[in-house]
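**Student:** Have a look at this one before I ask anything.
The values are calculated or read from the model by the stated rules, or taken from the named source; none is laboratory data. Everything numeric here is computed off the predicted structure, so don't read it as measured data. Positions of Cβ are generated from backbone atoms using ideal geometry, with glycine treated the same way; all protein chains shown enter the neighbour counts. Note: areas computed on protein heavy atoms with side chains; ligands, DNA, RNA excluded. Shrake-Rupley method; radii C 1.70, N 1.55, O 1.52, S 1.80 Å.
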Amino acid sequence: MKYLISGGGTGGHIFPALAIANKIKKENPDAEILFIGASDKMEMHRVPEAGYPIEGLTIYGISRDFSWNGIKKNVKLPFVLMKAMKKAKKIIKAFQPDIAIGVGGFASGPALKSADQLGIPTLLQEQNSYPGVTNKMLAAKAKRICVAYDGLEKYFPAEKIVKTGNPIRAEILNIKDKDPKAYQYFNFVPEKKTVLVVGGSLGARTLNETMAANLDVFRKANIQLLWQTGEQFFRNIDSKLLAEQDEYIRIVPFIKNMNDAYSIADVIISRAGALAIAELSIVGRPTILVPFPYAAEDHQTYNAKALSTQDAAILIAKPRQS
């Protein structure tokens, strides 16, 4: 069997895609898997790091920036889409997959639409309580649509929906609590409590600005802090802020080995994306969720309420914050 998997842009799309790929390889070691992503997005790095080949498409979504640059991007978009479709068809014809799986994100649109036009069955995996634009667009032609939340028949054909939950990394099921090797990796000590702050793979402005202004709070409380800023925020970070790091304050753009971070965390502060909710539900640490309020239909708040209403997390909702 040959499997084409497409999507990305954020960890919320990429990591479920990798979880699907890993499960396929575990069940069928001879399976061939090829990813298609957006050529300027993080999947072009994360997928090869996981050991899978990936092809990139030049593709982006509709710009909501009404400046001249935003208008120009939108005018060019139909031509960009046609070029991406042409390249996607070329890749698919060469690879000849038996099935195409879309996980959302810019690249999955032209990839799965091309696959359907070439007679290849397609499957969608929707992580959120409110589906993304790409998956809604592709739903009519998909053979099956795998979801994690109830009520998605409002957006997808009910007869195609299969409630599977969200794919997660298999390793997360075997996290060792307070693993000494995890403390060594981050150069922390088990005698102190540890707070993990993670705003998703791209970061979160509200969390980052709050953390930047309150590092002394953690020092005075004698608490260790592991803070993932996201790569964009880290690139623009003030050198004075980086200089505030010490043996108990770690500021990093991205944490590759989240299992170790989860292992040593006593409290986790996180956005409420679907992947975060799925993993945190299994990790079982005391958690504070700060949803991104501008997510489509405010779906991160609904994701967070799935835990907070069960007393499984504290929800901090601040409308009009980003």
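**Student:** Among the residues of the range 233-284, which ones are buried (at least 18 other Cβ atoms within 10 Å of the Cβ) and among the basic types (K, R)?
**Tutor:** Within the range 233-284, R250, R271 meet the criteria.
**Student:** Continuing with this model, one more query. Restricting attention to the range 12-26, does a residue exist that is open to solvent by 10 Å² or more (accessible area, probe 1.4 Å), among the polar types (S, T, N, Q) and modelled with pLDDT of 95 or more?
**Tutor:** Within the range 12-26, one or more residues are open to solvent by 10 Å² or more (accessible area, probe 1.4 Å), among the polar types (S, T, N, Q) and modelled with pLDDT of 95 or more.
A quick yes/no check of all residues on (1) open to solvent by 20 Å² or more (accessible area, probe 1.4 Å); (2) under 22 Å from the mean Cα position of the chain (by Cα):
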| residue | (1), (2) |
| --- | --- |
| A115 | no, no |
| R144 | yes, yes |
| V147 | no, yes |
| A170 | yes, yes |
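**Student:** So if I check each of L196, L207, which one is out of contact with any Ser or Thr (no Cβ under 7 Å at 6 or more places or on another chain), open to solvent by less than 20 Å² (accessible area, probe 1.4 Å), in a helix (DSSP H, G or I) and not basic (K, R)?
**Tutor:** Exactly one residue qualifies, and that residue is L207.
**Student:** Give me the residue from the range 288-299 that is surrounded by fewer than 18 Cβ atoms within 10 Å (Cβ to Cβ) and either more than 19 Å from G151 (Cα to Cα) or among the small types (G, A, S) (or both) and, out of that set, modelled with the highest pLDDT.
**Tutor:** I288
**Student:** Right, here's the next one. Among the residues of the range 27-55, what is the count of those that are touching a strand residue (DSSP E or B) at 6+ places or on another chain (Cβ under 7 Å), over 20 Å from V80 (Cα atoms) and either open to solvent by 40 Å² or more (accessible area, probe 1.4 Å) or of a type in the set (S, T, Y) (or both)?
**Tutor:** Residues flagged as touching a strand residue (DSSP E or B) at 6+ places or on another chain (Cβ under 7 Å), over 20 Å from V80 (Cα atoms) and either open to solvent by 40 Å² or more (accessible area, probe 1.4 Å) or of a type in the set (S, T, Y) (or both) within the range 27-55 amount to 4.
**Student:** Do any strands (runs of 3 or more DSSP E) lying entirely in the range 73-177 carry at least 1 residues that are closer than 23 Å to M42 by Cβ, and which ones are they?
**Tutor:** 99-102, 122-126, 144-147
**Student:** Between a first residue in the range 35-51 that is outside any strand (DSSP E or B) and a second residue that is open to solvent by 50 Å² or more (accessible area, probe 1.4 Å), which pairs have beta carbons less than 6 Å apart while being 6 or more apart in sequence or on different chains?
**Tutor:** S39/T58
**Student:** Residues to consider are G61, G119, G102, G132; find the one that is open to solvent by less than 10 Å² (accessible area, probe 1.4 Å) and of a type outside the set (F, W, Y).
**Tutor:** Just one listed residue meets the conditions, G102.
For every residue, the table says whether it meets (1) among the β-branched types (V, I, T); (2) touching a residue at least 60 places away in the same chain (Cβ under 8 Å).
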residue	(1), (2)
A94	no, no
I120	yes, yes
S129	no, yes
L138	no, no
A148	no, yes
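**Student:** Which residues, taken from the range 300-322, are open to solvent by less than 40 Å² (accessible area, probe 1.4 Å) and either touching an Asp or Glu at 6+ places or on another chain (Cβ under 7 Å) or at pLDDT below 85 (or both)?
**Tutor:** S322
**Student:** Continuing with the same structure: Considering only the range 211-229, how many residues are surrounded by 19 or more Cβ atoms within 10 Å (Cβ to Cβ) and farther than 11 Å from V197 by Cβ?
**Tutor:** The total comes to 1.
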